């Protein structure tokens, strides 16, 4: 087999999804967003739903998803992605409609939209990137910031007496009658990546089921090594040692 034969698409064992364009990703080295983008693109492509998928991206690092995955996208105001997804899914019930949100968006200004869309059982998927910090705007404390964790707005560490406890919003939405599937995954190892991909696929399949299954919520516990002031490796280690204790990996609800 020649080199030219090896690089033919039909002979490639692993390749970039065709719906991921050639734009250079701007994310910081070690950021989890790029990996999750790839998984979303792979699932959409493998399910054959490129023309029937609509993503909603709000404000924050998550907003740039539209710049890398070539599907229909709608931008939403900060925190309002689940409300936008509700409208689109009700108008186009045969489409896979999902939001792609960070914790500063979904679990702070967007808490009401998140809770009520899930409680209504809207047949949408929510992909939630939880890195416990406001990554885009300077590393401020988020609702998901752990107790004692240092950020630019709590430089001595989150103080429960002053700032309250971290918000495990995945656990909250799992208690709601309207959620069908709630899971918490990560992408820090090859095995974790495979599990995260399976979770995203299940969530997307739920949105396309003939019967209304309700909301699917996929939380990805992630790193923000720039905001955390760590190397990518140290950030992964810190996540495993600290984030996983507060946000244990696995299914929280699977009906």
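Which numbered condition trips up residue 137, out of (1) modelled with pLDDT of 95 or more; (2) surrounded by fewer than 20 Cβ atoms within 10 Å (Cβ to Cβ); (3) closer than 24 Å to residue 57 by Cβ; (4) more than 13 Å from the chain's Cα centre (by Cα)?
(1)
Collect the residues in the stretch 91-111 that are part of a helix (DSSP H, G or I), in contact (Cβ under 8 Å) with a residue 24 or more places away in the chain and out of contact with any strand residue (DSSP E or B) (no Cβ under 6 Å at 6 or more places or on another chain), keeping them in residue-number order.
105, 107, 108, 109, 111
So residue 62 fits all but one of (1) modelled with pLDDT of 95 or more; (2) crowded, with 16+ Cβ neighbours inside 10 Å; what number is the exception?
Among (1) modelled with pLDDT of 95 or more; (2) crowded, with 16+ Cβ neighbours inside 10 Å, residue 62 violates only (1).
Across the stretch 92-103, what is the number of residues that are more than 12 Å from residue 217 (Cα to Cα) and either at pLDDT 95 or above or more than 12 Å from the chain's Cα centre (by Cα) (or both)?
6
Where in the stretch 151-255 are the strands (runs of 3 or more DSSP E), entirely inside, with at least 3 residues that are in contact with a helix residue (DSSP H, G or I) (Cβ under 8 Å, 6 or more places away or on another chain) and within 20 Å of residue 40 (Cβ to Cβ)?
Counting at least 3 such residues, we get 179-186, 215-221.
Considering each of 83, 76 in turn, give the residue that is touching a residue at least 24 places away in the same chain (Cβ under 8 Å) and farther than 19 Å from residue 213 by Cβ.
Matching residue, one of 83, 76: 83.
Can you tell me which residues in the stretch 156-177 are farther than 18 Å from residue 249 by Cβ and surrounded by 17 or more Cβ atoms within 10 Å (Cβ to Cβ)?
158, 176
Under the condition of being more than 19 Å from the chain's Cα centre (by Cα) and surrounded by 14 or more Cβ atoms within 10 Å (Cβ to Cβ), which residue from the stretch 238-253 is nearest to residue 145 (Cα to Cα)?
The qualifying residue nearest to residue 145 (Cα to Cα) is 242.
Hey, can you tell me all the residues within the stretch 84-96 that are touching a helix residue (DSSP H, G or I) at 6+ places or on another chain (Cβ under 6 Å) and crowded, with 20+ Cβ neighbours inside 10 Å?
Residues satisfying the conditions are 86, 96.
All but one of (1) within 19 Å of residue 82 (Cβ to Cβ); (2) touching a residue at least 40 places away in the same chain (Cβ under 8 Å) hold for residue 142, so report the exception by its number.
Tallying (1) within 19 Å of residue 82 (Cβ to Cβ); (2) touching a residue at least 40 places away in the same chain (Cβ under 8 Å), residue 142 fails exactly one: (2).
Are any of the residues in the stretch 44-56 at pLDDT below 95, assigned to a loop (DSSP other than H, G, I, E, B) and either more than 16 Å from residue 98 (Cβ to Cβ) or out of contact with any helix residue (DSSP H, G or I) (no Cβ under 8 Å at 6 or more places or on another chain) (or both)?
no
Identify, please: which residue in the stretch 104-121 is crowded, with 20+ Cβ neighbours inside 10 Å and touching a helix residue (DSSP H, G or I) at 6+ places or on another chain (Cβ under 8 Å) and is, among those, farthest from residue 76 (Cα to Cα)?
118
Is it the case that some residue within the stretch 141-152 is surrounded by fewer than 23 Cβ atoms within 10 Å (Cβ to Cβ), modelled with pLDDT under 95 and within 19 Å of residue 217 (Cα to Cα)?
Within the stretch 141-152 (the criterion being surrounded by fewer than 23 Cβ atoms within 10 Å (Cβ to Cβ), modelled with pLDDT under 95 and within 19 Å of residue 217 (Cα to Cα)), the answer is yes, since at least one residue qualifies.
The values are calculated or read from the model by the stated rules, or taken from the named source; none is laboratory data. Just so it is clear, the structure is predicted and the values come from calculations on it, not from any experiment. We place every Cβ from the backbone using ideal geometry, glycine too, and count neighbours over all the protein chains shown.
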